[in-house]
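*Asks:* Dropping the structure in here first, questions after.
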Amino acid sequence: MRHVRARPFDKLRVTLGGITGNPVAFACVLVAMALLLFVPLGHNGYLEIVFRNILMYAAMAYGWNLIGGYTGYVSFGNVTFFGVGAYCAGVLSAHGVQNLLAYVLVAMVVNAAFAALVGLPVLRLRGHYFGIATLGIGLAVADIVENLDALGASSGIHLEQADEAHFSIYYYAMWLVALGAMLATFFIARSKLGYAFVAIRENEDAAAVLGIAATRYKIIAWAISAMMTGAAGAVFAPANGFIDPSITFAIDSNVFPIAMTILGGIGTAAGPFIGAVLLAGANEVLQNAFVNSHTLFFGSMIVLIVLLLPRGLVWVFGLRGGARTWLKTLTAFRA
Amino acid sequence: MQLLAQDLVNGILAGGILAVVALGFSLVWGIMNIINLAHGAFVMLGAYATYQLTKSFGLDPFLTLPLSFVILFALGYVIQRFLINRVARAPILITFLLTFGLSLLVVNVALLIWTGDTRGVTTSYSGANFTLAGVTVPWIKLDTLLAALVITGLMHVWLTRTRTGRAIRATSMDIGAAQLTGVRVRQIYAIVFGLGAGLAGVAGTLISMSYAMTPSMGDPFLIKGFVVCVLGGLGSVQGALIGGLVYGVVEAFATQINVTIGTQSISGSGLQDAIALIVLIIVLIVRPTGIVGKAVV
Amino acid sequence: MSLRLSAAAASAALLAAFAAPTVPVSAAGDTILFGAPISLTGSLTKEGHLTQEGYDLWKNYINAHGGLKIGGKTYKVDIKYYDDESKNDTSAQLAERLIDQDHVNFLLGPYGSGTSFTVAGIAERKKIPMVEGNGAAERIFNQGFKYTFGVLSPARRYLEGILDLAHAAKPAAQTVAITAASDAFSQEVAQGAAAWAGAHGMKVVYNNKYPDTATDVSSLISALKQTNPDVILNAGHLQDALLVQKALREQNVIAKAYGYSVGPDTPDFANALGKDANDVFGGAQWSESVKYKGEPGFMQSSSEYEKAIETTYHHHADYHNAESTAACLAFQYALEKAGSLDTEKVRDALAKLDVTTFYGILKFDSRGLNVFKPMVINQIQNGQLVTVWPKFTANGKPVYPAPPWGQRK
């Protein structure tokens, strides 16, 4: 199959998996998504939760991928948006609103506004400092929510749930959120927005000189990222039935989407999904196999991923020279 | 008024420990550009090292300071040489994840060895204190602060006066130029990381005397270490000290806020983490090089 | 090409691996299967293991004594565990897995209020009865759940005994200072204590909270010291209980009674503090000196239970052991009364349960909470734990007021 790609970015394609990444990989992902539609038909509540979580992490990974992968602003606090989205749903539920769509829409609007507001000062920071600032934001928001009685403080909020017969609605909703995030990433990547993001990542000052309004695009990237992540949170809240600061602002939830995106292929349209499937799947298998010490193996896994696949699987797929070139990359980062 | 003075003293005493925690973290970050998320786990190991040494050999915890340093230095050196070095020049994201995974590993191994039981290091002088001008000062905390000052001073001297110290500073300034003058960068990196771990171990020893230990005890110290680092200025020894003291004092004063508006209580103590982090963010935006500014160690 | 193929194969294999249904280890013929997600790793590891010990002790005792006789048939019991890593949402997922994949008959609770809450939601939705012994937060039971029962005394009652003691002393204590961790359980304990104090004419002169991640509480204690309280209470967990007690010592805070919701009952507290742990009160769900006589079917006295734990696990029985075993006992007696494994019949039998065990009375109010069992107050005296309240189960007299620091034996 021959694919037309913008020529100036061919080099980018080899080094980063291209703007959208390997199109075959993306096609596989779409097929996998279609297959996932059949999960609720098995009437196995546990499996439904497992796959729903994969979809949730995929959406969060896509969110991170947009700001961290495409725009190059590595955020360590994206879980904040997840939490804000979840609490939007929680507050609505406490006021009698049971509508999933309402949860998602409100979560997206609130998160976009929140990201834009916070992004104005914070996106002026570069590199490490941006990362640390976002980490700080996440922790600060979690702490504030824990102290706010109006949001249930540490006791959290209990949400009304659909009954057992209709419970799969949460699965389908999460599927839609993941699909939305996926497609949005794909189309944004091919659009002017996507090129602007990548330009900012590659050399922000040069991009500014070329007339790309960096500040505006950064904020847009973060706002979209926030919307994806927040939507996932808004569906998670009623699906779980209960939210509190420790669940919705968990530090681990920062790391998983990042690890997944790296594993799958950073800055690609297929990577986050692939990473989500593999990592969440591996976690389940480990939980079964090593009831007492699976965190130990999970930690080892993360270390191995970082050492062996720092650019992700999708990129590895596209390598010319296959395994040999891959082996060479293992020493690329040595001091 | 007396309460304010007491708070000031409390804050300075608490800040001393945080300064030592931040010191190792700051050096590794400033010189090697690596944010070591396993730093909290190293602190924990230092605490447990002290626990074992005091339990098995009956040593006074202060005497275990050099031992804790040596053990953790060796561990850090080995980890850098054979693990971290593979991604030494990778983007920050990669090292971040690697050290996160490493942290999980270390904590879980500790869990297997020492179980989840909470342990403490107690001495005959554990609660002893004296009162000066109405302010009560616990002896252990004061000794901890003094140890922190000594360690910070020693580090500063070592980094500015010794050959290796100068080589380290040269490496952080310009790797290429340093290599041209014969500095073996790989060796320096291993030393610096070892140093960071050793300092974490020392911090752990000091902490073990005031704070009960469990394998997951490192987390809050890691976060506070972050804030202190940025507050004081990356890679700067004085920065870590000043940042630590400022942080400790701010936290102490914030604790006094305790008002109730309607049914909502606003507790400075309950919000202390949020306050610290907001201070962090403001410092990052307004003066990212920290209080001391961008010193090259 | 081959890389792509092998990666695709790997993902397919992984998906298949956990999608493949495990062989259902259900009530095959004559075994009743209980499911329990507990914290085998994570911040609550220690308590999770104590919970597991409590469950396993009961299981082994029952199986060794001929199993359970229900509706004319004899059943063995088995328990399937998963590690929820001390995380609330993981616990809920594992509960679903236990129900849907492993086909357990009933659920035994996880450790902790947060996890118990989320699992209760699952139990409710799936209509599988759950009895828990390790989540005392009342919010769990204020949701109108019908399938969850808690054998422990609610959080609000944790510290009442200490206030009662101090209030009844001559001269009566007048003022109380309360410090609490930010988590839901500790906050409920603190609110309960404040409410009791208010209702009995005692004044709360200081009431503040600190985050679970606090590394230093000196300034909190300095402010507390200024208010000169008669009684100092802390609602938190072991780590911060130690911090608070150390800070009280270091700042020479003198009060007539010191009480902790969690801490004194674990040997770690006394080990870490040495003499400074003496004369401190602690609230406990159970203590080995408690003098209830249990109905037949299981060990009938606390001392028998203590010996069993000591022999099997080589440590003193912890109240986490006992309350977990009590959860199993609730099922045992309810199953026998119901005479069947039908979940609805068992649920109803649990709702009507009224039985005394070595742990205390097992009876639930309309919300499913065991408000009928009082907390026990222990005091560390000379390094030993002595039960001092309520009077009918005390085996020692309380030391009140506490002697000054440095003079404790």
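The values are calculated or read from the model by the stated rules, or taken from the named source; none is laboratory data. All figures in this text were calculated on a predicted structure; none of them were measured in a lab. Note that we place each Cβ from the backbone using ideal geometry, even for glycine, and neighbour counts take in every protein chain shown.
*Asks:* When you go through (1) of a type outside the set (Ser, Thr, Tyr); (2) surrounded by 20 or more Cβ atoms within 10 Å (Cβ to Cβ); (3) within 13 Å of another protein chain (Cβ to nearest Cβ) one by one for residue A:107, which number turns out not to apply?
*Replies:* (3)
*Asks:* Could you check the range B:258-297 and list, in sequence order, the residues that are surrounded by 16 or more Cβ atoms within 10 Å (Cβ to Cβ), within 12 Å of chain A (Cβ to nearest Cβ) and of a type in the set (A, V, I, L, M)?
*Replies:* If the condition is that a residue be surrounded by 16 or more Cβ atoms within 10 Å (Cβ to Cβ), within 12 Å of chain A (Cβ to nearest Cβ) and of a type in the set (A, V, I, L, M), then B:271, B:274, B:275, B:276, B:277, B:278, B:279, B:280, B:281, B:283, B:284 are the ones that fit.
*Asks:* Report every pair of residues separated by at least 6 positions or lying on different chains whose Cβ atoms are under 6 Å apart, first residue within the range B:217-231 and closer than 14 Å to residue C:211 by Cα, second not in a helix (DSSP H, G or I).
*Replies:* Filtered contacts from the range B:217-231: B:220/C:213; B:220/C:215.
*Asks:* So which of B:121, B:192 ends up being touching a residue at least 24 places away in the same chain (Cβ under 8 Å) and outside any helix (DSSP H, G or I)?
*Replies:* One residue alone meets the criteria, B:121.
*Asks:* Of all residues in the range C:73-89 being outside any strand (DSSP E or B) and in contact (Cβ under 8 Å) with a residue 40 or more places away in the chain, which is surrounded by the fewest Cβ atoms within 10 Å (Cβ to Cβ)? Before the answer, list the steps.
*Replies:* Going residue by residue through the range C:73-89, those that are outside any strand (DSSP E or B) are C:84-89.
Still in the list and also in contact (Cβ under 8 Å) with a residue 40 or more places away in the chain: C:84-87.
Details: C:84: 30, C:85: 23, C:86: 25, C:87: 25.
Of everything passing the filter in the range C:73-89, C:85 is surrounded by the fewest Cβ atoms within 10 Å (Cβ to Cβ).
*Asks:* When residues of the range A:120-133 are filtered for being over 20 Å from residue B:26 (Cβ atoms) and buried (at least 23 other Cβ atoms within 10 Å of the Cβ), how many remain?
*Replies:* 2
*Asks:* Looking at this structure, is residue A:84 modelled with pLDDT of 90 or more and either basic (Lys, Arg) or within 16 Å of the chain's Cα centre (by Cα) (or both)?
*Replies:* Yes: the conditions hold for residue A:84.
*Asks:* For the range C:231-338, give me every one of the helices (runs of 4 or more DSSP H) that falls completely inside it and has 2 or more residues that are among the aromatic types (Phe, Trp, Tyr) and touching a residue at least 24 places away in the same chain (Cβ under 8 Å). Write out each step before concluding.
*Replies:* Working: elements: C:238-250, C:267-273, C:302-313, C:319-338.
In the range C:231-338, C:302-313, C:319-338 are the helices (runs of 4 or more DSSP H) which contain 2 or more residues that are among the aromatic types (Phe, Trp, Tyr) and touching a residue at least 24 places away in the same chain (Cβ under 8 Å).
Here is a yes/no grid of residues against (1) in contact with a Lys or Arg (Cβ under 8 Å, 6 or more places away or on another chain); (2) more than 30 Å from residue B:122 (Cβ to Cβ); (3) among the aliphatic types (A, V, I, L, M):
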{"position": "C:147", "(1), (2), (3)": "yes, yes, no"}
{"position": "C:204", "(1), (2), (3)": "no, yes, yes"}
{"position": "C:212", "(1), (2), (3)": "no, no, no"}
{"position": "C:216", "(1), (2), (3)": "no, no, no"}
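*Asks:* Turning to a different aspect of this structure: I'm trying to understand the selection: among the residues of the range B:151-187, which are in a helix (DSSP H, G or I), within 13 Å of another protein chain (Cβ to nearest Cβ) and without any contact (Cβ under 8 Å) to a residue 40 or more places away in the chain?
*Replies:* Matches in the range B:151-187: B:175, B:176, B:178, B:179, B:185, B:187.
*Asks:* While we're looking at this one, here's another question. May I ask you to verify whether residue B:242 is part of a helix (DSSP H, G or I) and within 24 Å of residue B:95 (Cα to Cα)?
*Replies:* no
*Asks:* Which condition does residue C:239 not pass, out of (1) more than 7 Å from chain B (Cβ to nearest Cβ); (2) within 19 Å of the chain's Cα centre (by Cα), if it passes all the others?
*Replies:* (1)
*Asks:* Does any residue of the range C:162-181 turn out to be within 11 Å of chain A (Cβ to nearest Cβ) and either in contact (Cβ under 8 Å) with a residue 60 or more places away in the chain or farther than 30 Å from residue C:335 by Cα (or both)? Write out each step before concluding.
*Replies:* Here is the first cut: in the range C:162-181, the residues within 11 Å of chain A (Cβ to nearest Cβ) are C:180-181.
When the remaining residues are screened for being either in contact (Cβ under 8 Å) with a residue 60 or more places away in the chain or farther than 30 Å from residue C:335 by Cα (or both), the result is C:180-181.
Looking through the range C:162-181, at least one residue is within 11 Å of chain A (Cβ to nearest Cβ) and either in contact (Cβ under 8 Å) with a residue 60 or more places away in the chain or farther than 30 Å from residue C:335 by Cα (or both).
*Asks:* Against the conditions (1) more than 22 Å from residue A:70 (Cα to Cα); (2) buried (at least 20 other Cβ atoms within 10 Å of the Cβ); (3) more than 7 Å from every other protein chain (Cβ to nearest Cβ); (4) modelled with pLDDT under 85, where does residue A:289 fall short? Just the number, please.
*Replies:* Residue A:289 satisfies every listed condition except (2).
*Asks:* Sort through B:132, B:104, B:154, B:112 and tell me the only one that's buried (at least 18 other Cβ atoms within 10 Å of the Cβ) and not aromatic (Phe, Trp, Tyr).
*Replies:* One residue alone meets the criteria, B:104.
*Asks:* Residues B:214, B:205: which one is within 30 Å of residue C:268 (Cα to Cα), in contact with a Leu (Cβ under 7 Å, 6 or more places away or on another chain) and polar (S, T, N, Q)?
*Replies:* B:205
*Asks:* While we're here: Which number in (1) surrounded by fewer than 22 Cβ atoms within 10 Å (Cβ to Cβ); (2) at the interface with another protein chain (Cβ under 7 Å from one of its Cβ atoms); (3) within 23 Å of residue B:209 (Cβ to Cβ) marks the one condition that residue C:211 misses?
*Replies:* Here residue C:211 meets the rest and fails (1).
*Asks:* Look at residue A:238 and say whether it is closer than 18 Å to residue A:138 by Cα and touching a Gly at 6+ places or on another chain (Cβ under 9 Å).
*Replies:* no
*Asks:* Next question. Restricting to the range A:84-99, name every residue that is over 14 Å from residue A:227 (Cα atoms) and either surrounded by fewer than 20 Cβ atoms within 10 Å (Cβ to Cβ) or of a type in the set (Val, Ile, Thr) (or both).
*Replies:* Of everything in the range A:84-99, those that are over 14 Å from residue A:227 (Cα atoms) and either surrounded by fewer than 20 Cβ atoms within 10 Å (Cβ to Cβ) or of a type in the set (Val, Ile, Thr) (or both) turn out to be A:91, A:94, A:95, A:96, A:97, A:98, A:99.
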